[in-house]
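The values are calculated or read from the model by the stated rules, or taken from the named source; none is laboratory data. Not measured: the values here are computed from a predicted model. Cβ placement follows ideal geometry from the backbone for every residue including glycine, while neighbour counts extend to all protein chains displayed.
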């Protein structure tokens with residue numbers, strides 16, 4: 001083999017080794033999930049979402065007296081390692097839950113995958129009972145690595 005062919009072969013092998021080394025060094029990337037502070041929408045403010053099973057609450061219409069929507073905005077940036085976050089949504093002690101729903105924004109699918117549990121809790125400081133829903137937020141299956149999705153998960157409360 002000529003000297004020039006040996007140099008070309010050696011350069012090709014070292015270039016491949018560098019590319020493999022860079023790929024291995026990059027490794028897996030984390031999925032980033034952020035959950036914004038809760039926001040409360042009180043009657044007579046306009047509802048941002050339709051609530052199935054509650055004909056009084058429709059998107060673009062004023063919330064009826066006694067109703068409130070409590071929401072948390074969730075943003076997920078998909079990494080190679082999948083992750084999920086638990087979010088608790090609760091009604092104030094003087095109200096009861098009428099359901100859990102989501103405005104999926106730009107997520108291309110449900111921003112939360114499943115209802116984990118629901119029930120009544122008791123405030124340790126005041127002793128007052130409250131309704132809660134725990135949901136598990138994770139990236140929709142259509143979200144590709146490096147893409148982001150966001151949406152708002154709501155609990156509907158009524159006094």
Name the residue that is nearest to residue 159 (Cα to Cα), counting only residues in the range 80-105 that are part of a loop (DSSP other than H, G, I, E, B) and within 14 Å of the chain's Cα centre (by Cα). 104
Pull out all pairs, ordered by first then second residue, where Cβ-Cβ is under 7 Å, the residues are six or more apart or on different chains, the first lies in the range 118-145 and is closer than 17 Å to residue 157 by Cβ, and the second is modelled with pLDDT of 85 or more and part of a loop (DSSP other than H, G, I, E, B). 123/93; 128/93; 129/93; 130/91; 130/92; 130/93; 131/91
Filter the range 62-74 for residues that are buried (at least 18 other Cβ atoms within 10 Å of the Cβ) and in contact (Cβ under 8 Å) with a residue 40 or more places away in the chain and give the result. 67, 68, 69, 70, 71, 72, 74
Out of (1) surrounded by 14 or more Cβ atoms within 10 Å (Cβ to Cβ); (2) without any contact (Cβ under 8 Å) to a residue 24 or more places away in the chain, the one residue 79 does not meet is (2)
Name, by its number, the condition in (1) surrounded by 15 or more Cβ atoms within 10 Å (Cβ to Cβ); (2) modelled with pLDDT of 85 or more; (3) not in a loop (DSSP other than H, G, I, E, B) that does not hold for residue 49. (3)
Of the residues 84, 59, which single one is in the same structural domain as residue 144 (by TED's automatic domain parsing) and touching a residue at least 24 places away in the same chain (Cβ under 8 Å)? 84
Mind counting the residues in the range 120-157 that are over 15 Å from residue 79 (Cα atoms) and buried (at least 18 other Cβ atoms within 10 Å of the Cβ)? 11
